[in-house]
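Following: one structure in structure tokens, then a few remarks.
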Amino acid sequence: MSLRKTILGISAFMALVCSAPALADAADGEKLFGQCLACHQIGESAKHLFGPKLNGMSNKPAGLAEDYVYSGSFKKAAQSGLKWDDESLDKFLEAPLDFIVGTKMAFPGVKSEESRASIIAYLKEFNENGERIKAVVEPKIIKPIVIEPRKLATEFVVPKHGVLHLGRRALDEEVVAWDIDIRPDGLGLPKGSGNAIDGSELYENHCASCHGSFGEGTVRWPVLAGGEDTLTEERPEKTVGSYWPYLSTVYDYIRRAMPFGNARSLSDDDVYAITAYILYLNDLEDEEFELTSENFTSIRMPNEENFTADNRHEESYRLTNNSEPCMNNCADIPARIIQRARVLDVTPDSE
Amino acid sequence: MGWISFYLPKYIVKNEYIVYIFSKGYREWVPISMKRRTLLKRGLALGGGVGASLAGSNALAAQQPETLITEIQDWNRYLGDGVDARPYGRPSQFETEAVRRNVPWLTADPKSSVNFTPLHKIDGIITPNGLCFERHHGGIAEIDPADQRLMINGLVDTPLVFTMEDLARFPRENHVYFLECAANTGMEWRGAQLNGCQFTHGMVHNVMYTGVKLKHLLAEAGLKSNAKWLLPEGADSSHMTRSVPMEKALDDCLVATHMNGEALRPEQGYPLRLVVPGWEGNMWVKWLRRIEVGDKPWHHREETSKYTDLLEDGTARRFTWVMEVKSVITNPSPQAPINHGRGQTVLTGLAWSGLGKIKRVDVSIDGGRNWKTARLDGPSLSKSVHRFYYDFNWDGSEMFLQSRAIDEFGNVQPTKTDLRAARGVNSIYHNNAIQTWHVRNDGTTENVEIA
């Protein structure tokens, strides 16, 4: 019902807006597609993930991917004639869950019109078979096959290091490439800086689709902000601001693992800016704030002092002096059920 | 288990396929739910055949000769598959329940998620490779061993890079160890919730690893005198890291290439994973690509935001590495009810301790009022699961089954009441409390809490 309304509403709307949004840039779109990679693949070797592979998306009916099980709502939309073109893709990507009520594309949408246009331009570069039509074909260099005689065992050079002389020395460039970890005392921090204002834009483009514009977390993705003074409450809210002891952890984690599905794609300065912005989202710094490799270690997180060492062995219930637990008549009254396993019946059976 | 958490405050239902629960209060993702229809179907499947088999397996009730015996069956007459039909053998087609379970009703995103070992479907102490529960933070990395490199850098004399061929030239060892996720049983902190030991206790597996002692690799690089901590790092898209203290690294950690005799499975870190015996599963970094040596811990995300144990007073324990003494009865259990009526009955389960061997397991059928010592059977190895059996004559009345393990250092598995009194209910991790199964007088079994 609401689906039909939406689709009709949109075609009316489309009649009014006729020109496709300008400023579309497939190269930008490729980067922005990072936020889709958690669920979609595109290209010749693309497979269905949680979402279908997205080859040949322009000017064809929705819901055609073979061997992919769409949601009932999506199928209905496809049956009532939904076609993918610039306009419909734009509306869908803006707010998938509103455009097709009940779709299983649990993704809040891409807010910026320009970003959507770029993503669509990128999608359109792939034909039905996943070949990138515009992609530059690099000339293949055919290497002549040379069969070298096997080396004699004595011709191998044995390194000098260590005990068994195995492995080889890591080159400086290799260590630099992989050694990306950062410690609370600042060890490992790259030189650089970024401010919360730039961070806000980067965050909006690369993070907000999952973590929410205010770090509140959309649909089912983690929350990054808020929750101060809730750790003793019945439902504590553990966020960067309320729980994380060190700022270095934020920088380190974003740089090594985020955006989810497109790790290691941000520059060091981008990570500074986004980290500054997350501090702002948590009311720990103001919007003018600039985070730099110089001021980094002076920033303290509010919950730092509340972490303690493992002292489980001091818990009072533990038996001491090798005493034995009770074997017989350990309670006066028989056992009585006070709680049963329940599996929540939260399911919105659509019928 | 990272961003998945374990009780059921608020939920958001976004569509007809994915049901997930999001605890605003807790700021963690909570997966527990299933479609009612799925639930009903599952309920039928699990309890399925109970009525039938209660009658069917009662030998005295057989009036008609069984055609299974009196008639010639297909497999008695016709030839079966030849030798090459299954180049890599697989379980019998009839073992449909012996599978890891997760989707569609437990979590929404399979890339950072978990599934569970079907403990009620296995016996002995070794978990078959295909049934070892999975938990990844960025999907399964698929790495050609020819492309695998392991780097050791930091406070060492010579930073090194090893290929798989290099690693194969170190002296190697075989050890059986359990791996338990720190969040195993985490869903049960607030009360009985999931009906099945696969779901309450299935984030554990027990495997024989072949690998190289980490200390040999470190010796090759040469440790500097201020080397106190290690940071193993994964090559997958989550670049998993944890800080490991040097004493542990030099004691029993392995860099493993094989599990149960074959190369590691991709989902278990092929071609290389760290083995940290007795300690939290998430320290056993998969797709291991680098080990940094340092003088202080790193306090990375998986040892601050996650894998820290929040207590009632708002403080949180960190570096709670050891998985303490624990046990669970795997049969009977909710997914494995008693189908044979009263009489001779086998009760069995698993016990383990991250500190060493299991000394004893006691079993109670009356909810902890009286205990009998179970029989440990099979190899008793340090930091490996132990199999226990209790063979008894069931009188057909309802039972409250419990098991209580004691390790070689005298540590006794605590009750749920003990643990909650000591820690509150927001710890998520390290719930090693005694589990209760209620067996009704028709043999069906439920996860309950008792007073």
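The values are calculated or read from the model by the stated rules, or taken from the named source; none is laboratory data. The shown structure was predicted, so the numbers you read here are calculated from the model rather than taken from an experiment. In this analysis, Cβ positions are derived from the backbone assuming ideal geometry, glycine residues included, and neighbour counts consider all displayed protein chains.
Of the residues examined, B:VAL161 is one that is assigned to a strand (DSSP E or B), more than 28 Å from the chain's Cα centre (by Cα) and among the hydrophobic types (A, V, I, L, M, F, W, C).
To keep it simple, each residue is scored yes or no on (1) over 18 Å from the mean Cα position of the chain (by Cα); (2) at pLDDT 95 or above; (3) more than 9 Å from chain A (Cβ to nearest Cβ).
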| position | (1), (2), (3) |
| --- | --- |
| B:ARG318 | yes, yes, no |
| B:ASN339 | yes, yes, yes |
| B:SER353 | no, yes, yes |
| B:ILE358 | no, yes, yes |
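Yes/no matrix, rows are residues, columns are (1) charged (D, E, K, R); (2) in a loop (DSSP other than H, G, I, E, B); (3) crowded, with 21+ Cβ neighbours inside 10 Å; (4) modelled with pLDDT under 95:
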| position | (1), (2), (3), (4) |
| --- | --- |
| B:THR210 | no, no, no, no |
| B:ALA219 | no, no, no, no |
| B:LEU274 | no, no, yes, no |
| B:ARG290 | yes, no, yes, no |
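Counting only helices (runs of 4 or more DSSP H) wholly contained in the stretch A:193-261, the ones carrying 3 or more residues that are over 27 Å from A:ALA117 (Cα atoms) and more than 8 Å from chain B (Cβ to nearest Cβ) occupy A:247-257. Filter the stretch A:299-325 for residues that are surrounded by 10 or more Cβ atoms within 10 Å (Cβ to Cβ) and more than 9 Å from every other protein chain (Cβ to nearest Cβ); which is nearest to A:PHE289 (Cα to Cα)? Filtering first and then ranking leaves A:ILE299.
Determine if the stretch B:309-325 includes at least one residue that is surrounded by fewer than 24 Cβ atoms within 10 Å (Cβ to Cβ), in a helix (DSSP H, G or I) and in contact (Cβ under 8 Å) with a residue 12 or more places away in the chain. No, the stretch B:309-325 has no match at all. Residues that are surrounded by fewer than 24 Cβ atoms within 10 Å (Cβ to Cβ) and assigned to a loop (DSSP other than H, G, I, E, B) were ranked within the stretch B:276-288; the one that is nearest to the other protein chains (Cβ to nearest Cβ) is B:GLY278. Does at least one position in the stretch B:408-425 carry a residue that is away from every other protein chain (no Cβ under 11 Å), crowded, with 18+ Cβ neighbours inside 10 Å and either charged (D, E, K, R) or within 22 Å of B:ASN184 (Cα to Cα) (or both)? Checking the stretch B:408-425: not a single residue is away from every other protein chain (no Cβ under 11 Å), crowded, with 18+ Cβ neighbours inside 10 Å and either charged (D, E, K, R) or within 22 Å of B:ASN184 (Cα to Cα) (or both). Would the stretch B:178-187 turn up any residue that is in contact with a Pro (Cβ under 7 Å, 6 or more places away or on another chain), buried (at least 22 other Cβ atoms within 10 Å of the Cβ) and among the aromatic types (Phe, Trp, Tyr)? There is no residue in the stretch B:178-187 that is in contact with a Pro (Cβ under 7 Å, 6 or more places away or on another chain), buried (at least 22 other Cβ atoms within 10 Å of the Cβ) and among the aromatic types (Phe, Trp, Tyr).
Looking across the stretch B:332-347, the residues that are under 22 Å from B:ILE125 (Cβ atoms) and surrounded by fewer than 23 Cβ atoms within 10 Å (Cβ to Cβ) come down to B:ALA336, B:THR345, B:VAL346.
Residues to consider are A:GLY43, A:GLY56; find the one that is assigned to a loop (DSSP other than H, G, I, E, B), more than 14 Å from every other protein chain (Cβ to nearest Cβ), under 18 Å from A:GLU87 (Cβ atoms) and modelled with pLDDT of 85 or more. Step through it out loud before you land on a result.
Values: A:GLY43 fails: under 18 Å from A:GLU87 (Cβ atoms).
Result: A:GLY56 is the single residue among A:GLY43, A:GLY56 that is assigned to a loop (DSSP other than H, G, I, E, B), more than 14 Å from every other protein chain (Cβ to nearest Cβ), under 18 Å from A:GLU87 (Cβ atoms) and modelled with pLDDT of 85 or more.
Under the condition of being within 13 Å of another protein chain (Cβ to nearest Cβ) and farther than 23 Å from B:PRO337 by Cβ, the residues counted in the stretch B:169-210 number 7.
Please go through the stretch B:380-400 and pick out each residue that is assigned to a loop (DSSP other than H, G, I, E, B) and under 19 Å from the mean Cα position of the chain (by Cα). Show your work before the answer.
Taking the stretch B:380-400 as the starting set, the residues that turn out to be assigned to a loop (DSSP other than H, G, I, E, B) are B:380-385, B:395-398.
Hits for the stretch B:380-400 are B:SER380, B:LEU381, B:SER382, B:LYS383, B:SER384, B:VAL385.
Out of all the residues in the stretch A:86-106, which are within 11 Å of A:PHE74 (Cα to Cα) and not in a helix (DSSP H, G or I)? Answer for the stretch A:86-106, where residues must be within 11 Å of A:PHE74 (Cα to Cα) and not in a helix (DSSP H, G or I): A:ILE100, A:VAL101, A:GLY102, A:THR103, A:LYS104, A:MET105.
Of everything in the stretch B:105-131 that's in a strand (DSSP E or B) and touching a Phe, Trp or Tyr at 6+ places or on another chain (Cβ under 8 Å), which residue is modelled with the lowest pLDDT?
Taking the stretch B:105-131 first, the residues in a strand (DSSP E or B) are B:113-114, B:116.
If we keep only those that are touching a Phe, Trp or Tyr at 6+ places or on another chain (Cβ under 8 Å) as well, we get B:114, B:116.
On the way: B:VAL114: 83, B:PHE116: 93.
Of everything passing the filter in the stretch B:105-131, B:VAL114 is modelled with the lowest pLDDT.
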